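Report on the structure given below.
The values are calculated or read from the model by the stated rules, or taken from the named source; none is laboratory data. Remember, it's a predicted structure, so these values are computed and weren't measured experimentally. No Cβ is skipped: glycine too gets one built from the backbone with ideal geometry, and neighbour counts run over all protein chains shown. Just the protein is used for accessible areas: all its heavy atoms, side chains included, with ligands, DNA and RNA removed. Shrake-Rupley method; radii C 1.70, N 1.55, O 1.52, S 1.80 Å.
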Protein chains: 2
Amino acid sequence: MTNRIEAQIRAKGLRLTGQRKLIAQVVASAHDHPDVPELHRRVAEEDDRISLATVYRTMKRFEELGILERHEFRDGRARYEPAAKRHHDHLIDVDTGTVIEFRSEEIERLQAVVARELGFDLVGHRLELYGRRRTARKES
Amino acid sequence: MTNRIEAQIRAKGLRLTGQRKLIAQVVASAHDHPDVPELHRRVAEEDDRISLATVYRTMKRFEELGILERHEFRDGRARYEPAAKRHHDHLIDVDTGTVIEFRSEEIERLQAVVARELGFDLVGHRLELYGRRRTARKES
DNA sequence: ATAACTGCAAACTTTTTGCTCGATG
DNA sequence: CATCGAGCAAAAAGTTTGCAGTTAT
């Protein structure tokens, strides 16, 4: 079953190797935001001859070609997600590390305004919210 | 001459060593946002017996006690600035690396709203804008 | 066939840490 | 003088790279 990433690999003129197919599958089906060593673990479950270096090289290559987007939250590790969906930012649950995607047109717009006021054209941004799940009652 | 950071070192019950005095001075007078190896270089100009490990340990200690704030832009290195001033975010000039501080009440407010809508209490955030200086005419 | 790709191990960068000695309060 | 801090070198953790062999096109 050829997923969207495989199609893009071909389209960008990359060779569709077994490793890349497998890595693409793992990335496409990852609904959390795993770092590279974790992706390697998942890939290795299927084929343990795939090296960590290959996963790193593949992620970098995929990002260069716009197939994946790279993020780096507070822990400093690189995380990737398919670039297909539309732009969004992230809210990280500080207790669990769970990453929630969100989108705020209002904030997007204001960012451009702020940049412009400072004499810049906005070419990118990084917005991460860190939050704690709201519960009815207070606990420890 | 005792700067604000030295006062805080005492106030927090840390020992005011020669190394810390010097590091505090360098940090206080740095108006860019240097990373740790760079701070070490500046400190070493004054006293080259101060080790890199000490600068790292001091930065971490200072951050834990709220004397400094740590940032990490796209390059992945830790950067520090005195925590004294009021909260602000950063715009990074992608061509020069220059860091500009700004503040947007509007964005601050919206972040809390977004978090709340997702069922979270906002406990922190990271907002960085990446921009290119606007010039009158277009170049290369 | 040949350029692209992979695996392996070694190298790199930034940051942390164990240990011993020295300095501060 | 008891403890906290500093220096040094080694270790971590994540990531990159040189090289030689393999594979997709």
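Consider A:Glu72 carefully, then state whether it is without any contact (Cβ under 8 Å) to a residue 12 or more places away in the chain, exposed (fewer than 15 other Cβ atoms within 10 Å of the Cβ) and out of contact with any Pro (no Cβ under 7 Å at 6 or more places or on another chain). Give the steps one after another, and end with the answer.
Values: without any contact (Cβ under 8 Å) to a residue 12 or more places away in the chain: yes; exposed (fewer than 15 other Cβ atoms within 10 Å of the Cβ): no; out of contact with any Pro (no Cβ under 7 Å at 6 or more places or on another chain): yes.
No; evaluated as a whole, the condition is false for this residue.
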Quiz item: Hey, among the residues in segment A:27-37 that are at pLDDT below 95 and open to solvent by 30 Å² or more (accessible area, probe 1.4 Å), which one's nearest to DNA strand C (Cβ to nearest atom)?
Solution: A:Ala28
Exercise. Sort out which residues of segment A:109-130 are more than 7 Å from chain B (Cβ to nearest Cβ) and loosely packed, with under 15 Cβ neighbours inside 10 Å, and write them in order of number.
Key: A:Arg109, A:Val113, A:Arg116, A:Glu117
Quiz prompt | Looking only at segment B:43-80, and only at residues there that are of a type in the set (Asp, Glu) and within 12 Å of DNA strand D (Cβ to nearest atom), the one that is modelled with the lowest pLDDT | solution = B:Asp75
Quiz prompt | Criterion violated by B:Glu64 - all others in (1) surrounded by fewer than 16 Cβ atoms within 10 Å (Cβ to Cβ); (2) touching an Asp or Glu at 6+ places or on another chain (Cβ under 6 Å) satisfied | solution = (2)
Exercise. Just one of (1) in contact with a Gly (Cβ under 8 Å, 6 or more places away or on another chain); (2) farther than 17 Å from A:Leu127 by Cα; (3) crowded, with 16+ Cβ neighbours inside 10 Å trips up B:Arg133, so point out which.
Key: (3)
Quiz prompt | First in segment B:1-16 and within 14 Å of chain A (Cβ to nearest Cβ), second anywhere and modelled with pLDDT under 90 and away from DNA strand C (no atom under 11 Å from the Cβ), Cβ under 6 Å, 6 or more apart | solution = none
Practice problem: Would you confirm whether any residue within segment A:87-98 is surrounded by 16 or more Cβ atoms within 10 Å (Cβ to Cβ), at the interface with chain B (Cβ under 10 Å from one of its Cβ atoms) and within 18 Å of B:Arg109 (Cβ to Cβ)? | Solution: yes
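Of these, A:Ala24, A:Ala83, which one is surrounded by 12 or more Cβ atoms within 10 Å (Cβ to Cβ) and at pLDDT below 95? So that I can check it myself, show each step before the final result.
Details: A:Ala24 fails: at pLDDT below 95.
Criteria check complete, one pass: A:Ala83.
Has segment A:91-104 got at least one residue that is within 16 Å of DNA strand C (Cβ to nearest atom) and not in a loop (DSSP other than H, G, I, E, B)? Give the derivation first.
Filtering segment A:91-104 down to residues within 16 Å of DNA strand C (Cβ to nearest atom) leaves none.
No - not one qualifying residue is present in segment A:91-104.
Mind checking which residues of segment A:99-108 are at the interface with chain B (Cβ under 7 Å from one of its Cβ atoms) and among the charged types (D, E, K, R)?
Within segment A:99-108, the first condition is being at the interface with chain B (Cβ under 7 Å from one of its Cβ atoms), and the residues that meet it are A:100, A:102, A:104, A:106-107.
Answer for segment A:99-108, where residues must be at the interface with chain B (Cβ under 7 Å from one of its Cβ atoms) and among the charged types (D, E, K, R): just A:Glu106.
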